[in-house]
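First up is the structure itself, then whatever we jot down about it.
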Amino acid sequence: MKLLLIGLGQLTGAVLDSVARDGRFAQIVLAGRNAELGRAKVLAARIGAALEGEFPRIEFVPFDFNTAAAPETLKRIAPDVAFAAPSLLPRRRIRADPKLRALPSGIWLACHLAPMLRLRDTWETSGLSAPWVGAAEPDLVNAILHLTGSGPTAGSGGIATCVPRIRFLAAQQAKAPAQEIVVRLVAGASFADCMAGEGALKEWPPFMLKVTWHGQDITLAVRDKLKAKVPLLSDLDQARIAASATLDLLAALGDDGVHDLHVPAPNGLIGGYPVKINRRGAEVDLPATWDLDQALGINATALAYDGIAALDKDGTITYTDRGIAAFQALLGERIERLRPPNAQGLADKLVAAFGG
């Protein structure tokens, strides 16, 4: 399998280190703009993998998806699976400022959407049909991509990082091995933030949860424990966890066998879901007693906790009063909507206000 990793950010670097050591990826291509940094990351990944007994072929390819030559570069690489998480304002920079961290996360959407729109257009022009993962705030960004053209097969991180935490809680309640606990979860990014101890929400967003142990439903015993305070993890630890959540997803997208996972935005749906997934795509896999329309409604409702009132069929975002107030405080102007063509302009304002 040839895996393409686009970008040189912290998350992509963590994914590179994970896939290099995993053994399921024979060829890995890291593509980005900074050749010196890219080659250093490749060398570090190769050394680390070799020390753990793995010797995949890893190479760096200069790549800028903003250039006219970018589609041809993608075509030459011809990956079997790809991963990308570009952002003009990574979450770790927002987390570093308590005042910014308290603002609804939806106001930063343009900073993630703008580069993903450009990458998507480059991907379409290249003619590639391989499955790919978009990990830049995927719960909503990937939904907008699908509404305005093609989009990633799925996102990564988010809901997937909640499942181990829930298994640990359930194992403690049932006095059972964590690996024997089965979790089925429908939830959005705001739920994942709450489980990670982030954000400033006074109430938790809606979600759907079923937890079983050898067929015994223990959901109620677990739900009561979800809101327990947890330590806030460092950016590096967060990246490593997100990379671990991405590892099985990338392997599944290169495999004929069907894998049971939790992913954000399968096929561009808002929020996260349990899925059956392989190289042919993803299919939402809900418990028999759950209804897909209800699950979709839960995740649409949860957008309000990120300061977003609605997502229209043309990809336009409408903000809540809380989101509008955050823009007023940060930019000194009233912003009620974000249309995809205007994402770059708003992103530029946000980055400038942030001092970047």
*Residue within the stretch 135-144 that is assigned to a loop (DSSP other than H, G, I, E, B), among the aliphatic types (A, V, I, L, M) and modelled with pLDDT of 95 or more present*: yes
*asked:* If Arg337 satisfies all but one of (1) among the basic types (Lys, Arg); (2) out of contact with any strand residue (DSSP E or B) (no Cβ under 7 Å at 6 or more places or on another chain); (3) over 25 Å from Lys2 (Cβ atoms), what's the number of the condition it fails?
replied: (2)
*asked:* So in the stretch 240-260, with the set limited to residues that are over 16 Å from the mean Cα position of the chain (by Cα) and among the acidic types (Asp, Glu), which one is farthest from Ala135 (Cα to Cα)?
replied: Asp256
*Output the number of the condition that Ala310 fails; it satisfies all remaining conditions of (1) closer than 28 Å to Glu203 by Cβ; (2) assigned to a helix (DSSP H, G or I).*
(2)
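Report those helices (runs of 4 or more DSSP H) wholly inside the stretch 1-107 carrying at least 3 residues which are closer than 30 Å to Gly323 by Cα and either of a type in the set (Val, Ile, Thr) or within 23 Å of the chain's Cα centre (by Cα) (or both).
10-22, 91-95, 98-101
To keep it simple, each residue is scored yes or no on (1) buried (at least 20 other Cβ atoms within 10 Å of the Cβ); (2) modelled with pLDDT under 95; (3) β-branched (Val, Ile, Thr); (4) out of contact with any Asp or Glu (no Cβ under 8 Å at 6 or more places or on another chain).
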| position | (1), (2), (3), (4) |
| --- | --- |
| Ala170 | yes, no, no, yes |
| Val182 | no, no, yes, yes |
| Gly188 | yes, no, no, no |
| Ala200 | no, yes, no, yes |
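Filter the stretch 24-37 down to residues that are touching a strand residue (DSSP E or B) at 6+ places or on another chain (Cβ under 6 Å) and either surrounded by fewer than 20 Cβ atoms within 10 Å (Cβ to Cβ) or more than 17 Å from Leu119 (Cβ to Cβ) (or both), then give me how many there are.
Of the residues in the stretch 24-37, 4 are touching a strand residue (DSSP E or B) at 6+ places or on another chain (Cβ under 6 Å) and either surrounded by fewer than 20 Cβ atoms within 10 Å (Cβ to Cβ) or more than 17 Å from Leu119 (Cβ to Cβ) (or both).
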_Which residue is surrounded by the fewest Cβ atoms within 10 Å (Cβ to Cβ), if the candidates are limited to the stretch 216-239 and must be among the polar types (S, T, N, Q) and assigned to a helix (DSSP H, G or I)?_
Thr219
*Could you count how many residues in the stretch 276-306 are outside any helix (DSSP H, G or I) and closer than 22 Å to Gly149 by Cβ?*
7
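So which of Ala265, Ala221 is of a type in the set (A, V, I, L, M) and at positive phi?
So the residue among Ala265, Ala221 that is of a type in the set (A, V, I, L, M) and at positive phi is Ala265.
Leu103: surrounded by 20 or more Cβ atoms within 10 Å (Cβ to Cβ) and more than 16 Å from Ala31 (Cβ to Cβ), yes or no?
Yes.
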*In the stretch 309-352, which residues are surrounded by 14 or more Cβ atoms within 10 Å (Cβ to Cβ), farther than 15 Å from His112 by Cα and aliphatic (A, V, I, L, M)?*
Ala309, Leu311, Ile324, Ala325, Ala326, Leu330, Leu331, Ile335
*asked:* Restricting to the stretch 327-356, name every residue that is small (Gly, Ala, Ser), over 26 Å from Leu269 (Cα atoms) and part of a helix (DSSP H, G or I).
replied: Ala329, Ala352, Ala353
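Anything in the stretch 159-168 that is among the hydrophobic types (A, V, I, L, M, F, W, C) and surrounded by fewer than 16 Cβ atoms within 10 Å (Cβ to Cβ)? List them, or say none.
The one that is among the hydrophobic types (A, V, I, L, M, F, W, C) and surrounded by fewer than 16 Cβ atoms within 10 Å (Cβ to Cβ): Phe168.
For the stretch 176-203, name all the residues that are under 15 Å from Gly215 (Cα atoms) and either of a type in the set (A, V, I, L, M, F, W, C) or out of contact with any Ser or Thr (no Cβ under 9 Å at 6 or more places or on another chain) (or both).
Result: Ala176, Pro177, Ala178, Gln179, Glu180, Ile181, Val182, Val183.
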_Checking Asp235 against (1) under 28 Å from Phe25 (Cα atoms); (2) touching a helix residue (DSSP H, G or I) at 6+ places or on another chain (Cβ under 7 Å); (3) modelled with pLDDT of 95 or more, the condition it does not meet_ = (3)
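The values are calculated or read from the model by the stated rules, or taken from the named source; none is laboratory data. Bear in mind the structure is a predicted one, so any value in this text is a computation, not a measurement. Note: ideal-geometry Cβ built from the backbone for every residue, glycine included; neighbour counts use all protein chains shown.
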